[in-house]
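Colleague: The structure that follows is given in the form of structure tokens.
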Amino acid sequence: MSDLNQTQNSEVTLKRTLNLPLLIMFGLAYLAPTVVFNNYGIFTEATGGMYMLAFAITTVAMCFTAYSYTQMVKVYPKAGSVYTYAHRSIQPHVGFMAGWVMLVDYLLLPMICYLLLGTYINEYFPAIPVWVCVVVVAGLGAAINIVGAKTASIVDTIIIALQVGFTLLVLIVAIKYITGGGGAGTLVDSTAVYNPKTFDFGSIMGVAAILCVSFVGFDAVTTMAEETKNPDQVMGKAIMGVIIGAGILFTITAYVTQLAWPEAYREIQDPNVGIFELFPQIDQAWLGDVFFVIDNCATFVCAMAGIAAVSRILYGMGRDNILPKKFFGKLSPRFQTPVNNILITSIIALTAIFYEENLMGASALVSFGAIIGFIMVNLSVIFHYYVRGKERGLKNTWKHLVVPCIGILILIVVFANLEIQAKILGGAWLLVGIIYLAVKTKGFKTLPPEMHLDE
């Protein structure tokens with residue numbers, strides 16, 4: 001048989017092209033490092049000047065959950081992420097619902113990114129309608145993802161470098177301003193971390209709940225396992241690299257910006273664009289224009305990474321035939337990417353043009369999906385290692401029971417402080433998923449099909 005015929009008759013699989021640096025860049029692209037500036041005004045005001053404290057709490061919570069991800073990716077280095085872990089470790093029906101709840105997270109994040117892009121560009125160039133911006137960037141993002149993960153990761157790497165460079169520039173400028181007598185006038189001020197005069201536990205935890213979405217990039221890393229070289233050795237390092245790197249960068253940035261403008265939580269005129277008020281405050285108004293360019297690029301790669309991640313989750317569920325396999329479980333022979341899924345998620349992202357007045361509702365729903373998904377990963381560790389694997393003893397009990405339980409407890413506290421709108425919208429999404437699953441499994445009498453773990 002000729003090489004051509006062998007190629008035509010062989011199964012099309014995802015192509016392994018990613019290494020550790022590209023994976024970390026992919027995860028950071030999903031986080032979008034400049035998101036700390038996007039949220040500056042809103043969350044500085046909401047936390048009473050303790051933006052850093054909210055980030056620190058979220059980082060600690062995410063470290064426990066990230067560790068659980070590293071444990072699960074060792075045994076299931078496949079596309080599908082939370083869906084795969086819960087499906088195989090807990091129970092297939094539970095796996096479906098875990099995947100379903102995370103879908104809303106991944107499906108809506110690109111929509112939010114494209115809407116932000118359209119809004120920001122329209123603010124600077126009013127002649128360009130928001131919907132035109134959304135359509136153009138969505139089409140470009142889909143095209144890059146279709147070409148392949150390596151191409152997308154290279155683009156991510158370039159823009160991530162710009163984001164990190166800009167963040168460092170802001171830190172240097174702000175520190176120079178502070179040490180020169182501006183703002184707090186000192187780099188050591190405990191009230192920038194904890195201010196008893198404005199501290200409110202509910203407000204801090206409410207912000208921490210929303211900030212969980214800012215760390216969802218480490219979860220996105222796991223969806224690329226089947227396109228990674230030596231995933232069993234690389235994925236765990238990439239996950240912890242993303243979470244620790246992002247956590248340090250976010251908390252330091254939040255701390256320094258608080259020192260630069262200690263009264264910002266009371267003096268900001270428009271919290272939605274508070275960062276553009278900070279730059280003139282530290283005598284560097286020109287940074288606003290630079291931020292506009294870099295942040296739009298960051299928002300774009302965030303959306304692009306989101307499309308890539310959700311298309312792989314849909315591929316995993318389609319390959320399992322929980323979603324129609326002929327459509328969702330198909331790879332392009334030419335590009336070796338799930339083109340159908342990339343296109344459908346891009347079309348969903350285009351609905352951004354209809355949600356200009358309901359961005360907060362969509363954002364709240366994203367937080368709901370992320371928190372529930374993270375809880376399911378921690379449960380998967382307990383079921384896989386401690387319950388089914390019976391890996392006991394002091395060390396294993398700590399790793400596979402205590403650590404994930406701590407992660408779950410922290411996430412429950414965070415979830416309890418999530419705004420009611422998120423819980424209502426998330427509950428509605430779960431109900432739709434339960435109904436679909438009931439129909440698919442004839443009233444839960446049959447199990448969903450097993451996921452194919454072979455490459």
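The values are calculated or read from the model by the stated rules, or taken from the named source; none is laboratory data. Bear in mind the structure is a predicted one, so any value in this text is a computation, not a measurement. Here Cβ is always computed from backbone atoms with ideal geometry, including for glycine, and neighbour counts include all displayed protein chains. Ligands, DNA and RNA are excluded from the accessible area calculation, which covers all protein heavy atoms including side chains. Shrake-Rupley method; radii C 1.70, N 1.55, O 1.52, S 1.80 Å.
Colleague: Please compute the length gained on full extension between residue 176 and residue 391, using 0.36 nm multiplied by the number of residues separating them and subtracting their Cα-Cα distance.
Modeller: Residue separation times 0.36 nm, minus the Cα-Cα distance, leaves 72.1 nm.
Colleague: Return the tail of the calculated pair distribution for the chain, meaning the percent of Cα-Cα pairs more than 33 Å apart.
Modeller: Looking at the chain, the distances longer than 33 Å represent 34 percent of pairs.
Colleague: Using bins 5 angstrom wide from zero, how does P(r) for segment 171-307 break down, in % of all Cα pairs?
Modeller: 2, 8, 13, 17, 18, 15, 12, 7, 5, 2, 0
Colleague: In addition: Need the full-extension length gain, residue 248 to residue 230, defined as separation in residues times 0.36 nm minus the C-alpha distance. One decimal, nm.
Modeller: Value of the extension gain: 3.8 nm.
Colleague: Please compute the length gained on full extension between residue 237 and residue 398, using 0.36 nm multiplied by the number of residues separating them and subtracting their Cα-Cα distance.
Modeller: Full-extension gain reported as 56.0 nm.
Colleague: Quote the FRET efficiency, to the nearest 0.05, computed for residue 416 versus residue 143 with a Förster distance R0 of 41 Å and r equal to the Cβ-Cβ distance.
Modeller: My answer for the efficiency is 0.45.
Colleague: Hey, another quick one. Could you bin all the Cα-Cα distances of segment 378-446 into 5 Å bins starting at 0 and give me the percent of pairs in each, rounded to whole numbers?
Modeller: 3, 15, 14, 12, 14, 17, 16, 7, 2
Colleague: Can you check what the net charge comes to around residue 267, using other residues whose Cβ is under 11 Å from the Cβ of residue 267 (Lys, Arg +1; Asp, Glu -1)?
Modeller: With Lys, Arg at +1 and Asp, Glu at -1, the net is -2.
Colleague: Quick one: which residues, 5 or more positions from residue 18 or on another chain, have an amide H under 5 Å from its amide H? H modelled 1.01 Å from N in the peptide plane, none for Pro or chain starts.
Modeller: Residues meeting the amide H criterion: 228, 229.
Colleague: Kindly provide the Kirkwood hydrodynamic radius of segment 243-381 in Å, to one decimal, from all pairs of distinct alpha carbon atoms.
Modeller: Taking the inverse mean of 1/r over all distinct Cα pairs, segment 243-381 comes out at 18.7 Å.
Colleague: Turning to a different aspect of this structure: Using only DSSP helix segments of four residues or longer, with each worth -39500 (n - 2.57), what per-residue ellipticity at 222 nm results for the chain after dividing by its residue count and rounding to 500?
Modeller: It lands at -22500 deg cm²/dmol.
Colleague: Turning to a different aspect of this structure: Report the dimensions of segment 220-300 along its three principal axes from the alpha-carbon atoms, largest first, rounded to Å.
Modeller: Cα spread of segment 220-300 along its principal axes, largest to smallest: 50, 24, 19 Å.
Colleague: Each residue of segment 300-309 in order: what ³J(HN,Hα) in whole Hz does its phi give by Karplus 6.51 cos²θ - 1.76 cosθ + 1.60, θ = phi - 60°, with x for Gly and Pro?
Modeller: Result, ordered by residue: 5, 6, 4, 5, 5, 5, x, 4, 4, 5 Hz.
Colleague: Something else about it: Give me the 1.4 Å probe accessible area per residue for the chain, excluding ligands and nucleic acids, in Å².
Modeller: Ligands and nucleic acids excluded, the figure is 40 Å² per residue.
Colleague: Next up: Only sites in a loop by DSSP and with at most 10 other Cβ atoms within 10 Å count here; which trypsin sites (Lys or Arg not before Pro) in segment 247-321 make the cut?
Modeller: none
Colleague: Let me ask another. Over the Cα atoms of segment 311-433, what is the Rg over Rh ratio if Rh follows Kirkwood?
Modeller: Over the Cα atoms of segment 311-433, Rg/Rh equals 1.08.
Colleague: Something else: Using a 1.4 Å probe on the protein heavy atoms, what percent of the accessible area of the chain belongs to carbon and sulfur?
Modeller: 66
Colleague: Let me ask something else. Please report, for the Cα atoms of segment 40-92, the Rg to one decimal and the Dmax as a whole number; what are they, in angstrom?
Modeller: Over segment 40-92's Cα set, Rg and Dmax evaluate to 16.4, 45 Å.
Colleague: Shifting gears a bit: At 7 Å along the Cα-to-beta-carbon direction for both residue 405 and residue 283, put a label point, then send me their distance in nm to one decimal.
Modeller: 5.6
Colleague: Further question: Over the alpha-carbon set of segment 259-306, work out the extent along each principal axis and list the three values in angstrom, largest first.
Modeller: Projected onto its principal axes, the Cα set of segment 259-306 covers 36, 20, 18 Å.
Colleague: Let me ask something additional. Please find the FRET efficiency linking residue 447 to residue 125, where r is the Cβ-Cβ separation and R0 is fixed at 60 Å, and quote it to the nearest 0.05.
Modeller: Efficiency at R0 = 60 Å is approximately 0.65.
Colleague: Going by accessible area, probe 1.4 Å, with all protein chains left in place, what is the ranking of 304, 240, largest first?
Modeller: Sorted by accessible area, descending: 240, 304.
Colleague: Heavy-atom accessible area of residue 289 with all protein chains present, probe 1.4 Å, nearest 10 Å²?
Modeller: Counting only protein heavy atoms, the figure is 90 Å².
Colleague: Then there's this: Could you compute how much accessible surface residue 87 exposes when probed at 1.4 Å, giving the result in Å² to the nearest 10?
Modeller: 10
Colleague: Next question. Taking a spot 7 Å from the Cα of residue 267 along the direction of its beta carbon, which residues of segment 162-186 have an amide N less than 12 Å from it?
Modeller: It comes to 182-185, nothing else.
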